Amino acid sequence: MIAVPERLVRFIQDHDSFVIAGHKEPDGDCIGSCLAMASFLRRIGKQVQLVSAGPFKRIEIREYEPLFGTAAVPEALSGSACVLILDCSNAGRTGDVASSFEGLPHAIIDHHATNDASGPVDFVESASPATTLLVQSIIEAIAGSVTPEEAELLFFGLCTDTGFFRHLDDKSAESFACASRLVAAGANPKKTFARMNGGKSYESRILVARILTRMNRWYDGKLVISWENLEDTQEFGLEGRDSDILYQLIQSIAGVEAIVIVRQETETNCTVGFRSLDRVDVSIVASAFGGGGHRQASGLSIAGTIDELIPRFVESFASQFPGVEP
């Protein structure tokens with residue numbers, strides 16, 4: 001079990017009312033963490049508000065969107081209210097909802113390698129593959145065990161952030177031990193896998209094919225970059241995106257060590273996803289552009305166009321491939 005700071009345990013026990021917020025553009029780890037924490041707090045008698053800036057782009061989390069408000073409701077908070085910020089490095093990463101709980105005491109619970117939070121009750125463990133494992137540890141430390149519903153949510157979050165355990169290695173025994181306890185408590189691996197990988201649209205496969213045809217290689221094929229433009233989004237919508245299978249297919253190419261997918265979200269702004277295998281640390285590259293994340297999975301939102309940004313990203317990988325010409 002991951003050791004939970006005693007000061008965080010006291011922080012949770014001493015407050016009666018909680019706002020729970022995760023990062024904007026949430027994923028399964030973020031949503032699973034928020035919902036499991038909310039369930040736990042409610043069953044120990046706490047008041048809870050779930051807030052998210054959204055958007056809930058991913059098919060597998062869309063059903064949970066109605067459970068989240070777009071701002072904290074002040075009149076619903078007691079005098080001992082606080083905020084739990086999950087799966088992000090600071091309040092700003094929660095997006096527009098941050099202004100609604102500004103000034104309240106908060107604790108950050110996160111696992112991103114680029115997180116440098118140092119508040120007195122923050123719980124940051126970059127060695128953990130998912131924030132859901134930290135939430136599981138908190139629940140087990142205070143209540144002893146998780147409920148079947150919490151187990152399902154936590155297992156879902158763990159699986160989404162680990163690619164259904166594909167990204168774990170020989171140092172991950174504790175993560176598998178945590179997963180085992182979740183399954184024993186009621187999580188169903190087969191159903192979770194089907195939920196993560198099923199229900200995709202026909203259009204999503206056409207879009208994946210289109211992005212694959214745009215791939216370009218640099219550094220002797222070690223870096224692959226592709227892109228999605230505004231016309232793609234207009235044609236296929238956000239529902240057409242399936243990043244996980246896209247990254248899997250590109251990573252399976254011999255010699256590939258890092259991947260960049262650039263998406264033109266508006267005429268003046270792009271979102272960027274970075275993925276790598278073992279050697280390359282894409283969090284360094286993402287951080288240089290104002291983003292963040294993990295060694296093997298990072299992202300950012302940045303002003304610019306595809307044509308402007310791709311040459312900058314290519315150049316930024318020079319330090320990751322020393323001695324190799326672009």
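The values are calculated or read from the model by the stated rules, or taken from the named source; none is laboratory data. Since we're looking at a predicted model, the values are computed, not measured. Virtual Cβ from ideal backbone geometry, glycine too; neighbours counted across all protein chains shown.
Annotations for the structure displayed:
- Here is the figure for the range 259-276: residues that are under 14 Å from residue 296 (Cβ atoms) and either more than 17 Å from the chain's Cα centre (by Cα) or not small (Gly, Ala, Ser) (or both) total 4.
- Identification of helices (runs of 4 or more DSSP H) wholly contained in the range 120-228 with 2 or more residues that are under 21 Å from residue 242 (Cα atoms) and either modelled with pLDDT under 95 or in contact with a strand residue (DSSP E or B) (Cβ under 8 Å, 6 or more places away or on another chain) (or both) yields 148-161, 189-197, 202-213.
- Figure legend. Inter-residue proximity from the range 254-277: first residues of a type in the set (Ser, Thr, Tyr), second residues in a loop (DSSP other than H, G, I, E, B), beta-carbon distance below 9 Å, spacing 6+ or different chains. Indicated pairs: 268/304; 268/305; 271/25; 276/257; 276/295; 276/296.
- Top-ranked residue in the range 35-69 [being of a type in the set (Gly, Ala, Ser) and assigned to a loop (DSSP other than H, G, I, E, B); ranked as farthest from residue 193 (Cα to Cα)]: 45
- Between 189, 148, the distinction of being in contact with a Gly (Cβ under 6 Å, 6 or more places away or on another chain), over 20 Å from residue 15 (Cα atoms) and surrounded by fewer than 18 Cβ atoms within 10 Å (Cβ to Cβ) belongs to 148 only.
- Look at the range 7-21: where a residue is at pLDDT 95 or above and a partner is in a helix (DSSP H, G or I) and among the aromatic types (Phe, Trp, Tyr), sitting 6+ places away or on another chain with Cβ atoms under 9 Å, you get 19/101; 21/101.
- Candidates 234, 264, filtered to the one that is among the polar types (S, T, N, Q) and surrounded by fewer than 17 Cβ atoms within 10 Å (Cβ to Cβ): 234
- Total residues in the range 285-309 satisfying the condition of being over 17 Å from the mean Cα position of the chain (by Cα) and either under 26 Å from residue 95 (Cβ atoms) or outside the structural domain of residue 257 (by TED's automatic domain parsing) (or both): the figure is 10.
- The range 18-34: number of residues that are under 20 Å from residue 242 (Cα atoms) and outside any loop (DSSP other than H, G, I, E, B): 5
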